[in-house]
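Data first, discussion second: the structure below is written as structure tokens.
The values are calculated or read from the model by the stated rules, or taken from the named source; none is laboratory data. Predicted model, so just to flag it, every value in this text is computed and none were measured. Here the Cβ is made from the backbone with ideal geometry for all residues, glycine too, and neighbour counts use every protein chain on show. Heads up: the accessible areas ignore ligands, DNA and RNA and are worked out on the full protein's heavy atoms, side chains in. Shrake-Rupley method; radii C 1.70, N 1.55, O 1.52, S 1.80 Å.
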Amino acid sequence: GNQKATHSEDPQGKKSQHAEEAIFYMNCRAAYLTVLKSSLENIKSKEQLSLVLQQAGRNPSQKTMNKYWTSQTTSLNFDDFCAILKVEKPATKNELLEAFGKMDTDKDGYILHDELCKILTTRGDKMTWEEVSSITKQADFNCNGKLDYNKFCELYLSTSEQCCRAARARLDTDPRLRQQHFGNQTANSSEGITLPVSKPSPRLSRKTDHKLAKGSDSRAPSRPSSAQSSKASTSTTVTVAASSSRSTRLIIEPDTMKEWQWAQSKGCFYLEEDGEIISHKYRLHLPQRSAVCVTIKPLNIPQAGGKSCPWLSVDTALFILKESETQENLQLVSFTELQNEEMFGWRGELGAGLYWLLPFTTGCRLRKVKTQISGEAKLLWRDEDGELALTKEFRAALLDIFETIDLDGNGLLSLEEYNFFELRTSGEKCDQEAWAVCKENFEMKKNELTRQGFLDLNLMEANDRDGDPWDLWVTLLSLGYNKALEMTEACPFVVAMCAERCKPRIKAISLEAGGPQLSRAVCRSVLNKGEAKVLDGSENIFIYTYRSGSRVTSVIENKSENKVIIHVNNEQSKNCLNNRGLKVFAVEVAPKSMMVSQHVMALNEQEEWIYSCVHSLV
């Protein structure tokens, strides 16, 4: 990129944004320090997490708790907590009343205890009878076997507000607690990765070069932190011309590759409530050494009215890892860095053996976005005979879903393919016995479910609920659809490989978050390909920056024996968006480890964009 001066935009708007960020983080700290001694201390149990969330005015369900505290979770830090609060917004009175209103069949402001118990113990995030009983026993909002849900909502909201006010009051009266500290702003691929002892990178550049321009170290951070007393800092600028992010051509020559053998599989990125992204993972078997070409691109499903798929602008990548005796030691082979429009690819030679293909997206474009939806789409209707039927819009959405989950693209769903769908939507698998029952009731070919069979299965679920679309919406929302039947929180894709000397085999193995293996691969790719700078004044902290196609990724490597906090300031960037959703933030990097600082892309690819970032040691 070329060096280029940038100027501040809308200083008044920036002040307002920074003030909002300051208030948000102050409220986060207030809740956090009600339970823990310092914002640098980690949450060490699910019970602690529940307590701090309650102090922040949230009332997390068991399902919500299980989402953020899994069997693999050992601790969460302050910025993990902040990220959760950004997703788990406090319920508004209108939202609560709307939810209760759906249960109020008489529309008189009351719900019979028996009906309330039946719904809360059998639907959605099921409660126990004891939990429901503890609600119905409260005299403040119960009488004559009914729940006055207006009074219940008022009491619930006032209690939440009292918790928040008490936490903030405690913070305001204790100057020591008001000091700002920030932990690790965790993102999809920003887990701290412990490093072995290594030699300095041969690509290390302490000075400005023709690719990365070093700027002033004196920019003051706009977010309340101790960054003004930074001991070290460094800046990086990359300028990308309009649309040049798609100019690196991936050349696949049909004439020279028509004899090559192909294998492919579909898959999908799904956005979780907490902003984490999960996707299918694949195992590749290559019988013998061969020249290969590997590609990944969003799946283009024709839409009604000739509309384009909203997910086609989502960036994708594929990391190729060589399998060894233990899965913990997967070795990064390469990744798809060549780009042709929305397709990313890699060409090279692979030896015989087993590999893992890990799909990746930065989260810059596949992210939670609050949009106004005028009305909820209708899923069902009744014909002249009173029989339930799928609406045209819902039928079209189900056919798109079928296209997405039909991983091998043969127009049928195998039990294995259907189980990926079941795991995503219900968390359970369909066994052989249940599959045999499906075969008796729904159209199948060669023991695989047809499109019509899939439609009929969903219609049967609607009939089982007597036309109540609740469960159908649970399925749709888990697959990335909004209430207007638009897929806005998922991105279907296609992974393909062709090999010159043998037939490759690609098999979907799991549907889960990338985890440490993918995080390590992303970091390694940046360390291997990117340009490195030492944080001025600190010989053990390195900032690596790499531009791959349409994105810029920066990685922080901490070679010291101590934990460090790095303040990251993107205020001078132009026409950019990053995966963290903040222009200014801080990250905590463990000793002897590396982590992704951020991924950055153009907000508008038709215009020039400038990545200009200052990393400072707090």
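Taking only protein heavy atoms into account and a 1.4 Å probe, give the accessible area per residue of segment 20-90 in Å².
Here the residues of segment 20-90 average 45 Å² of exposed surface.
Could you look at segment 20-90 and say what percent of its accessible area is carbon and sulfur, using a 1.4 Å probe and all protein chains?
That fraction is 52 percent.
How high is the relative contact order of segment 93-173? Use alpha-carbon pairs under 8 Å, at least six apart in sequence, and give a whole percent.
After rounding, I find 31 percent.
Quick check for you: with a 1.4 Å probe and neighbouring chains kept, what is the accessible area per residue of segment 261-315, in Å²?
41
Can you give me the Cα centroid spacing of segment 524-567 and segment 363-400 in angstrom?
What the calculation gives is 45 Å, centre to centre.
Going Cα to Cα from LYS574, which lysines come in below 20 Å? Please leave out same-chain ones fewer than 8 positions away.
Correct list for LYS574: LYS4, LYS14, LYS15, LYS211, LYS214, LYS583.
Carbon and sulfur together cover what percent of the accessible area of segment 264-347 at a 1.4 Å probe radius?
Taking all protein chains in place, segment 264-347 shows 43 percent carbon and sulfur surface.
Cross-link candidates for LYS102: which lysines have Cα within less than 17 Å, leaving aside residues fewer than 8 places away along the same chain?
LYS93, LYS118, LYS126, LYS146, LYS151, LYS378, LYS483
What ranking, highest mean first, results for peptides 264-276, 422-434, 590-602 when packing means the other Cβ atoms within 10 Å averaged over each residue?
Sorting 264-276, 422-434, 590-602 by mean packing, highest first, produces 590-602, 264-276, 422-434.
Per the 1.4 Å probe, what fraction of the accessible area of segment 93-173, in percent, lies on carbon and sulfur atoms?
Carbon with sulfur: 52 percent of the solvent-accessible area.
Residue by residue through segment 556-568, what is 3J(HN,Hα) from phi via Karplus (6.51 cos²θ - 1.76 cosθ + 1.60, θ = phi - 60°)? Round to whole Hz and write x for glycine and proline.
9, 10, 10, 8, 7, 8, 10, 5, 10, 10, 10, 8, 10
Would you give the gap between the C-alpha center of segment 39-100 and the C-alpha center of segment 569-618, rounded to a whole Å?
Each part reduced to its Cα centre gives a spacing of 26 Å.
For segment 380-487, what is the per residue volume of the convex hull drawn over the alpha-carbon atoms, in cubic angstrom?
Normalising the Cα hull of segment 380-487 by residue number yields 105 Å³.
What ³J(HN,Hα) values, in whole Hz, does the Karplus curve 6.51 cos²θ - 1.76 cosθ + 1.60 give for segment 418-426 when θ = phi - 60°, with x put for Gly and Pro?
Taking θ as phi minus 60°, the curve returns 5, 6, 4, 4, 5, 4, 6, 8, 10 Hz for segment 418-426.
Under a 5 Å amide H to amide H cut-off, with H placed in plane at 1.01 Å, what residues pair with CYS268 once short-range neighbours are removed?
HIS280, PHE493
So who's got an amide H within less than 5 Å of the one on SER573, skipping anything under 5 residues away but keeping other chains? H placed 1.01 Å off N, in plane.
Excluding prolines and chain starts, which carry no amide H, the hits are SER612.
Non-local amide H neighbours of SER233 (under 5 Å, H modeled in plane, Pro and chain starts lacking H): which ones?
Counting only residues 5 or more places away or on other chains, the set is ASP536, LEU617.
Under 10 Å from the Cβ of LEU485, count the other residues' Cβ atoms, weight Lys and Arg +1, Asp and Glu -1, and hand me the total.
Overall, the nearby charge balance is -2.
Mind jotting down the distance between the C-alpha centroids of segment 439-482 and segment 256-333, whole Å?
After rounding, the separation between the Cα centres reads 27 Å.
I need the Debye-formula profile for segment 93-173: one equal scatterer per C-alpha, no solvent, reported as log10 I(q)/I(0) at q = 0.18, 0.20 1/Å, two decimals.
One equal scatterer on each Cα of segment 93-173 leads to -0.78, -0.92.
Could you run the Karplus curve 6.51 cos²θ - 1.76 cosθ + 1.60 with θ = phi - 60° over segment 390-400 and give me ³J(HN,Hα) per residue in whole Hz, x for Gly and Pro?
Per-residue couplings from phi come out as 7, 5, 4, 5, 5, 4, 5, 5, 5, 5, 5 Hz.
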